[in-house]
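The values are calculated or read from the model by the stated rules, or taken from the named source; none is laboratory data. On a predicted model such as this, the values are computed, not experimentally measured, just so you know. Counting neighbours? That spans all protein chains shown, and the Cβs are built from the backbone with ideal geometry, glycine included. Accessible surface areas use protein heavy atoms only, side chains included; no ligands, DNA or RNA. Shrake-Rupley method; radii C 1.70, N 1.55, O 1.52, S 1.80 Å.
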Amino acid sequence: MASTTRQDMIRGAAGLLSRRGLQATSFSEILAATGAPRGSLYHHFPKGKDELVAEATRFVGDQLLGALDGFEPATPGEVVERFASIWRGVLSGSDLEAGCAVAAVTVDAGDDQGELLALAGSVFIEWQAALAGLLERAGVAPVRAADLALLLLVSMEGSLVVCKAERTLEPFDRVTAQLVVVAGGD
């Protein structure tokens, strides 16, 4: 039961971070979203909110890596489409309310939260490495694969922000189509 409560709190925090950001996500909201008892917060996360946010950030990072794991693309365009489909699902599944929880932590982390910022940076690096590996398996040279992985990551993150603000998937779809072309897909 304890590990389920802890995992529920991590998932709940990740969801709230993606919708509301770091500063606007409170312990009370996490408790309400997960149904966890109040005393469980400091039981499972004795270092407080930053510890829970760190675990949620790792969770989101691992979820995305898991969604890419085992994928064997035939073309670079398939890599773009796979990565985009993950983020399109986040946007569509939340009625354009959610973005990337890792980006939210990055944007909202204060001067005194350097560890959270470093963790977010390491998640982005892991995602880039995974994308570059997929691009290489699809036939892209390593240096170009690394550059394309970075372009793919920052383009998707930016399109999430624009879609959330404009309340439409159109920018996301346009960016995805251009990334397929740039990657050498159809």
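Things to note:
- Pairs, first without any contact (Cβ under 8 Å) to a residue 24 or more places away in the chain in region 95-107, second open to solvent by less than 20 Å² (accessible area, probe 1.4 Å), C-beta under 9 Å, six or more apart: 106/22; 106/100; 106/116; 106/120
- Residue count for region 70-92, restricted to those that are outside any helix (DSSP H, G or I), open to solvent by 40 Å² or more (accessible area, probe 1.4 Å) and in contact (Cβ under 8 Å) with a residue 60 or more places away in the chain: 3
- If you go through region 140-186 and keep only what is open to solvent by less than 10 Å² (accessible area, probe 1.4 Å) and either small (Gly, Ala, Ser) or at pLDDT below 95 (or both), you end up with 145, 149, 159, 183.
- Qualifying residue in region 158-169 (condition: within 20 Å of residue 24 (Cβ to Cβ) and among the basic types (Lys, Arg)): yes
- Boolean, residue 29 is over 14 Å from the mean Cα position of the chain (by Cα), closer than 25 Å to residue 149 by Cβ and open to solvent by 50 Å² or more (accessible area, probe 1.4 Å): no
- Scanning region 119-139 for residues that are under 15 Å from the mean Cα position of the chain (by Cα) and open to solvent by less than 70 Å² (accessible area, probe 1.4 Å) gives 119, 120, 121, 122, 123, 124, 127, 128, 129, 130, 131.
- The residue pairs whose first member lies in region 42-64 and is under 19 Å from residue 110 (Cα atoms), whose second member is open to solvent by 40 Å² or more (accessible area, probe 1.4 Å), and whose beta carbons are closer than 9 Å, counting only pairs six or more residues apart or on different chains, are 48/42; 49/26; 50/115; 54/47; 54/115; 55/6; 56/11.
- Residue match in region 128-151 (condition: under 20 Å from residue 12 (Cβ atoms) and assigned to a helix (DSSP H, G or I)): no
- Entry remark, region 4-27: residues being over 23 Å from residue 102 (Cβ atoms) and either free of Cβ contacts under 8 Å to residues at least 24 places away in the same chain or assigned to a loop (DSSP other than H, G, I, E, B) (or both) number 1 in total.
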